Amino acid sequence: MIAAISARIVVAGLCCVLALASSAGAEGAWVLWARTCDIRSQVCGDEWQRRQTYEAERWCRAARTRAVNQALTPAARKAANTKGAVVEYECRPDTVAPPGPKGTK
């Protein structure tokens with residue numbers, strides 16, 4: 001009797017683990033995209049560059065936040081003003097293409 005109950009608990013535990021694993025994998029990969037935007041004309045380039053692929057959206061968004069925070073340091077802001085360009089970042093599922101150009105009509 002105790003063995004049967006233990007076996008049921010083990011089976012139930014395995015089912016929970018498999019359910020959690022499949023739901024985590026169902027989210028799919030996310031890609032951090034980047035492109036350069038001209039500060040003066042406020043037009044972004046057509047070409048999005050794939051920067052990195054992440055297992056989950058939250059990791060991609062964290063990487064985007066880090067990249068933006070780095071761009072906001074005094075040294076990075078000075079460099080951006082000197083070059084006249086900043087970088088735009090976008091997180092998208094790996095099954096979705098990045099958006100088209102912004103700033104064009």
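All of the numbers you see were taken from the coordinates with simple rules; none came from a lab. Keep in mind that what you see is a predicted model, and the values were worked out from it rather than measured. Every residue, glycine as well, gets a Cβ built from its backbone with ideal geometry; the counts of neighbours run over all protein chains shown.
The spread of Cα positions in the stretch 60-100, taken along each principal axis and listed from longest to shortest, comes to 36, 23, 7 Å. When each of the peptides 43-51, 86-94 is scored by the mean number of other C-beta atoms lying within 10 Å of its residues, the order from highest to lowest reads 86-94, 43-51.
Volume of the convex hull of the stretch 31-74 (Cα atoms only), normalised per residue: 72 Å³.
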